[in-house]
1. Going by Cα centres, the range 1-54 and the range 92-149 are how many Å apart?
2. For the residues I79, I111, what sequence is obtained by ranking on other C-beta atoms within 10 Å, fewest first?
3. Counting each DSSP H run of 4 or more residues in the chain as -39500 (n - 2.57), what helix-only mean residue ellipticity at 222 nm follows after dividing by all residues, to the nearest 500 deg cm²/dmol?
4. For the range 1-67, just the Cα set please: Rg and Dmax, both in angstrom.
5. Taking 8 Å as the Cα distance limit and 6 or more residues as the minimum spacing, I'd like the relative contact order of the chain as a percentage.
6. Find out how many positive minus negative residues lie around V17, taking Lys and Arg as positive, Asp and Glu as negative, among other residues whose Cβ is under 12 Å from that of V17.
7. Could you point to the label whose value was computed as semi-axes √(5λ) of the Cα gyration tensor in Å for the structure here, given (1) 24, 18, 14; (2) 36, 17, 13; (3) 45, 30, 9?
8. Just to be sure I follow the rule: in the chain, considering lysines 8 or more places apart or on different chains, how many pairs have Cα atoms under 14 Å apart?
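Derivation of every value follows stated rules applied to the coordinates shown; laboratory data play no part. All figures in this text were calculated on a predicted structure; none of them were measured in a lab. Here Cβ is always computed from backbone atoms with ideal geometry, including for glycine, and neighbour counts include all displayed protein chains.
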Amino acid sequence: MKLAEALQERADLNRKVQQLRSRLTDNALVQEGEKPAEDPAELLKDYDDAMDALETITAKINLANCRTVVKGRTLTEHIAKRDMLTQKTAAYRDLARAGSALTRRATRGEIKILSAVNVKELQKRADELARDLRLLDNLIQQTNWTVEL
């Protein structure tokens with residue numbers, strides 16, 4: 001199984017776990033004399049089985065990420081870098097957006113609000129970060145489809 005397939009399976013298992021949790025909650029109480037729509041004991045067994053499968057696939061994914069080296073760094077390190085670039089790109093874009101907000105003055109006597117940041121430079125840096133993020137994400141995705149679990 002390729003790493004990308006395992007990631008898809010993990011996503012499916014996460015969805016299944018969330019659905020089972022919801023179904024368990026929905027069937028936890030019932031009016032006296034009635035039966036729940038689904039047997040909570042069966043749902044709980046399905047939930048435990050799904051959680052065991054999720055634990056197993058997650059461990060395999062993490063091990064594969066740690067042992068796979070691409071361009072001198074492990075996949076785990078590339079993923080950490082991608083997460084950092086995602087946050088950094090958003091922060092630069094948010095700051096550029098905040099710095100470029102226009103304020104209206106009704107009269108000359110009102111306080112004038114000026115940007116404290118260089119919006120053009122921030123936007124340029126945000127674009128560079130976004131490019132780096134895109135290239136790194138492409139590398140990670142490409143690797144995911146070539147690495148065996």
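1. Rounded to whole Å, the Cα centres lie 40 Å apart.
2. Values: I79 15, I111 6.
Taking fewest neighbouring Cβ atoms as first place, the list is I111, I79.
3. -24500 deg cm²/dmol
4. 15.7, 56
5. 34
6. Every neighbour counted, the sum reads -1.
7. (3)
8. So the count of such lysine pairs works out to 4.
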